[in-house]
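We did not get these values from a lab; they are worked out from the coordinates using the rules stated. What you are looking at is a predicted structure, and each value in this text was computed from that prediction instead of being measured. Quick reminder, even Gly has a Cβ in these numbers, built from the backbone with ideal geometry, and neighbours come from all protein chains shown.
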């Protein structure tokens, strides 16, 4: 009997220790632009639940994705590492656009995060968490090979075949005819929370929305057709998808509140990259998804943790989604091996102490081509053929530097007074440009970033 009593006490101690670990709900919206929320400036899209979330936590004005499109950004989030360390730079092939327009032979792209990369889900699982991925995965065939216990709807696809059931997705059972995918994923997320409310959980709520195909509920589409838009936000179907997303984020958070979990749950809301320029322009930011100007990489970010994070606060500190991995390790007191490489920094000083983190550069590397969605003279990228040509970019304080590999051209912008990146001041500030380029070169050397140099014989200007 004495041994049984000791065993019971031991089990109670283990349960108590497990419950001390905070839950983590990471809400990752697909292709949601920096200005696509009312609390980030939109007067067309209606997002009352996310606006409320902002008043309950901290809003970041200068948050970035680690890439300007889906797969590399998600790989960066899961690995906590910059893309040159594993070679995912885009979706599919790196030979985008017409060969005759590509001066260089681009670096070969990978599409699957290697199993050798230890994801944040894997370390949390080893630390006693139950883990679930709900929705888009995109960096492998199944998130269960990378540390997740539960997978609903995740595979290698970058977007759903359709938003209304039947979904034609092998990793999610069809619901009733006409069921909306965003609603269904929320139902699954709520079920996961309720079933695991008494143990630490990590819910990666990675909605497919608001990615194409643009499909919304008819009554919401009709609502926005009757509403006046702006020069930048006026797409009724997209607006319907944004509102449905907001409603479901509200349902998810209401469940946490109803169960009394918000004081032991870190809630992160963000997007995987900038908005699609042809659908929702991100003015005053330049261009959109696929570009390494601000419109392609700057994203909304709101973080809430009741009793830990001061409500209704704003941070202008530049941060990147690579920072979530070390942040989660610190708040969960999870230890990793000493040789475990992480490129981000913990955000706990900003979140809990209202302090600053040490000024550091943030980098992007894109040694490939990404064609423009359509030829249009009004596109605000480098040219009308490509959203991005091979190059790197970095931000350091108020300065933003771009370098292109085809000709070595450098662009320098002061984001403090030119957030739209309209005035290249590299010739006016040559010392600053040279200093940043030196930092960029050192970083590329550190991470073994490949730089394409071989000329493409099919390039039309060589003939």
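How high is the FRET efficiency from residue 445 to residue 198, r the C-beta distance, R0 45 Å, rounded to 0.05? Don't skip to the end; give the middle numbers.
Numbers: r = 49 Å, r/R0 = 1.08.
Result of the calculation: an efficiency of 0.40.
Distances longer than 42 Å among the Cα atoms of the chain: what percent of all pairs is that?
Result: 14 percent of Cα pairs exceed 42 Å.
State, to one decimal in nm, how far the label point of residue 432 lies from the label point of residue 418, with both points 7 Å from Cα in the Cβ direction.
For the pair residue 432/residue 418, the computed spacing is 0.9 nm.
Place a point 7 Å from the Cα of residue 108 along the Cα-to-Cβ direction; which residues of segment 73-100 have their backbone N under 20 Å from it?
83-97, 99
Report the percentage of all Cα-Cα pairs in segment 106-195 whose separation exceeds 16 Å, rounded to a whole percent.
For segment 106-195, the share of Cα pairs beyond 16 Å comes to 58 percent.
Given only helices, namely DSSP H runs of n ≥ 4 each adding -39500 (n - 2.57), what is the per-residue ellipticity at 222 nm of the chain, to the nearest 500 deg cm²/dmol?
The per-residue figure over the chain is -8500 deg cm²/dmol.
What percent do you get for the relative contact order of segment 250-296 when only Cα pairs under 8 Å and 6+ apart count?
Relative contact order for segment 250-296 comes out at 23 percent.
Using the C-alpha gyration tensor of segment 195-270, what are the square roots of 5 times its eigenvalues, in whole angstrom, with the largest one first?
32, 12, 11
Percent antiparallel among DSSP beta bridges with both residues in the chain, to the nearest 5?
So the antiparallel bridges amount to about 55 percent of the total.
Between residue 406 and residue 177, what length comes free when the chain is fully extended (0.36 nm per residue of separation minus the Cα-Cα distance, one decimal in nm)?
This chain segment gains 77.4 nm when fully extended.
If you average the C-alpha positions of segment 261-283 and of segment 112-168 separately, how far apart do those two centres end up, in angstrom?
19 Å
Residue 164 versus residue 353, label points 7 Å from Cα toward the beta carbon: distance in nm?
5.3 nm
Which whole-number percentage describes the relative contact order of segment 25-66, with Cα contacts under 8 Å and a sequence gap of 6 or more?
Relative contact order here is 22 percent.
With each pseudo-label sitting 7 Å past Cα toward Cβ, what's the residue 338-residue 314 distance in nm, one decimal?
Spacing of the two 7 Å Cα→Cβ label points: 4.4 nm.
For the chain, what is the relative contact order in percent, using Cα pairs closer than 8 Å and at least 6 residues apart in sequence?
24 percent
I want to verify the translational diffusion coefficient of segment 363-462 in µm²/s; compute it with Stokes-Einstein, Rh as the Kirkwood radius over Cα pairs, at 37 °C and 0.692 mPa s.
Answer from the Stokes-Einstein relation: 223 µm²/s.
Can you put 108, 395, 144, 298 in order of Cβ neighbours within 10 angstrom, beginning with the fewest?
Ranking 108, 395, 144, 298 by Cβ neighbours within 10 Å, fewest first, gives 108, 144, 395, 298.
Neighbour counts of other C-beta atoms within 10 Å: give me 167, 219 arranged from fewest to most.
By the 10 Å Cβ count, ascending: 219, 167.
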